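A.B. asks: Supplied in structure tokens, the structure appears directly below.
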Amino acid sequence: MRFFHALLLSFLSLISFSASAADAVTACPKNFKVLAEDDKARILHFTQKKGESCPMHSHPHIAVYASKNNPLPLEYKMADGSTKAGPKLKVGDAFLRGPTEHEHLAAKGDVEAIIVEFKK
């Protein structure tokens, strides 16, 4: 009986973890399109139009390349409930970021970028 309870508890914790850390493409299919993928990386085309938001999702380590000017940065609600502003970007800007879990709040302007997610 103890084994059954331990197994059930483990299963429930896995379900709650996966529900809180949804994949970006699954959580926001309108905003993230897969351009290429292999076992090491995934290349995404990201767009978010003014007024759109994107629910809670996660990313591994990423590289971001701005393909559109974004003078009004995206704002994020982090998994801990805090909010954080992203960088102001112009075409050609790039940055690296570690793993994160967040939701995109309503965009103040149209945003477009190429994102590389590193799997390993």
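Quick note: the coordinates plus some simple rules give every number you see, no bench work behind them. What you are looking at is a predicted structure, and each value in this text was computed from that prediction instead of being measured. With ideal geometry, Cβ positions are generated from the backbone for all residues, glycine too; neighbour counts draw on all protein chains shown.
A.B. asks: How many of the residues making up the range 19-53 are in contact with an Asp or Glu (Cβ under 6 Å, 6 or more places away or on another chain) and buried (at least 16 other Cβ atoms within 10 Å of the Cβ)?
C.D. replies: 2
A.B. asks: Yes or no: Lys108 of a type outside the set (Asp, Glu), more than 19 Å from Lys120 (Cα to Cα) and in a loop (DSSP other than H, G, I, E, B)?
C.D. replies: Judged against the criteria, Lys108 is a match.
A.B. asks: Could you please find all residues in the range 23-41 being out of contact with any Lys or Arg (no Cβ under 7 Å at 6 or more places or on another chain) and closer than 21 Å to Asp93 by Cβ? Break it down into steps so the answer makes sense when it comes.
C.D. replies: Kept after step one, since they are out of contact with any Lys or Arg (no Cβ under 7 Å at 6 or more places or on another chain), are these residues of the range 23-41: 23-33, 35-38.
Matches in the range 23-41: Ala24, Asn31, Phe32, Lys33, Leu35.
A.B. asks: Given the structure, is Glu112 within 15 Å of Ala27 (Cβ to Cβ) and touching a Lys or Arg at 6+ places or on another chain (Cβ under 9 Å)?
C.D. replies: For Glu112, the condition - within 15 Å of Ala27 (Cβ to Cβ) and touching a Lys or Arg at 6+ places or on another chain (Cβ under 9 Å) - is not met.
A.B. asks: Those residues that are part of a loop (DSSP other than H, G, I, E, B), of a type outside the set (Gly, Ala, Ser) and over 17 Å from Asn31 (Cβ atoms), I need them from the range 55-105; list them, please. Walk me through how you get there before you give the answer.
C.D. replies: Of the range 55-105, the ones part of a loop (DSSP other than H, G, I, E, B) are 60-61, 67-69, 71-74, 79-82, 86-88, 90-93, 98-99, 105.
Still in the list and also of a type outside the set (Gly, Ala, Ser): 60-61, 68-69, 71-74, 80, 87-88, 90-91, 93, 99, 105.
Within the range 55-105, Pro60, His61, Asn69, Pro71, Asp80, Pro87, Lys88, Lys90, Val91, Asp93, Pro99 qualify.
A.B. asks: List every residue pair whose Cβ atoms sit under 6 Å apart, with the two residues 6 or more apart in sequence or on different chains, where the first one lies in the range 70-91 and is more than 12 Å from Glu103 (Cβ to Cβ) and the second, anywhere, is exposed (fewer than 12 other Cβ atoms within 10 Å of the Cβ).
C.D. replies: Pro73/Ala85; Lys88/Pro71
A.B. asks: Please work out which residue is surrounded by the fewest Cβ atoms within 10 Å (Cβ to Cβ), limiting yourself to the range 61-120 and to residues that are of a type in the set (Asp, Glu) and farther than 15 Å from Asp23 by Cα. Break it down into steps so the answer makes sense when it comes.
C.D. replies: Step one: filter the range 61-120 for residues of a type in the set (Asp, Glu), giving 75, 80, 93, 101, 103, 110, 112, 117.
Within this subset, residues satisfying the condition of being farther than 15 Å from Asp23 by Cα are 75, 80, 93, 110, 112.
Numbers: Glu75: 17, Asp80: 7, Asp93: 15, Asp110: 15, Glu112: 16.
It comes out as Asp80.
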